[in-house]
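If you scroll down you'll find the structure; I have some questions about it.
Nothing in this text is a laboratory measurement; each read-out follows from the coordinates by a stated rule. What you see is a predicted model, and the numbers here were worked out from it, not measured in a lab. Counting neighbours? That spans all protein chains shown, and the Cβs are built from the backbone with ideal geometry, glycine included.
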Amino acid sequence: MFLTNFANVLQSLPELYNGVGGELIVDRLEKLDISYMGPIFKKYRLDAKRTQDEVAEKVGITTRFLMALENEEKRPSLDILLRLVDVLNIPGDAILHPQLQTIDGEDEQLIRMMMRLNSRDKQVIRSTILSMLETYRADC
């Protein structure tokens, strides 16, 4: 719902520019590479136990186009993307940060523990991790 409202605001205010070359924000959003989203659409459709026909009808696209989005890295327009997100109840993080969807239980537990630390302790952990990564790179 947030994404839908956000897009509506952007589309109703064509005078909004990104300040770089006078390109409209909406135009910039339309140019984003969102071809990686096919598996996300498919996962949420299957999790909701909905057929491609059902979802395509609700979104207002053909079943063939939905198949192409899910399986052939077809790129949806911003309007279709927002309708799919709405119909399939896809959370924003799944779209904006798809890599977070593959975090296993142990990594998730580490992240939750880190979130409870104060900023000084987080900086210590960050420095330690960076040092470990530098050592790892040097060993490779």
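Could you compute the FRET efficiency for E106 and D53, with r as their C-beta to C-beta distance and R0 at 30 Å, rounded to 0.05?
Details: r = 39 Å, r/R0 = 1.30.
With R0 = 30 Å, the Cβ-Cβ based efficiency is 0.15.
Output ³J(HN,Hα) for the range 64-69: one whole-Hz value per residue in order, computed from phi by the Karplus curve 6.51 cos²θ - 1.76 cosθ + 1.60 with θ = phi - 60°, and x for Gly and Pro.
4, 5, 4, 4, 5, 5
So what's the net charge close to L66: Lys and Arg +1, Asp and Glu -1, counting the other residues with Cβ under 14 Å from its Cβ?
For residues surrounding L66, the net value is +3.
Something else about it: Which value in nm describes the separation of the simple spin-label points at M132 and M114, placed 7 Å from the Cα toward the beta carbon?
According to this spin-label approximation, the distance is 1.0 nm.
With a 10 Å radius around each residue's Cβ, average the other Cβ atoms per peptide and rank 121-132, 82-93, highest first.
Peptide ranking by packing, descending: 82-93, 121-132.
For the ranges 60-66, 106-112, what's the packing order if you count other beta-carbon atoms within 10 Å of each residue, average per peptide, and put the highest first?
Packing proxy ranking, top to bottom: 60-66, 106-112.
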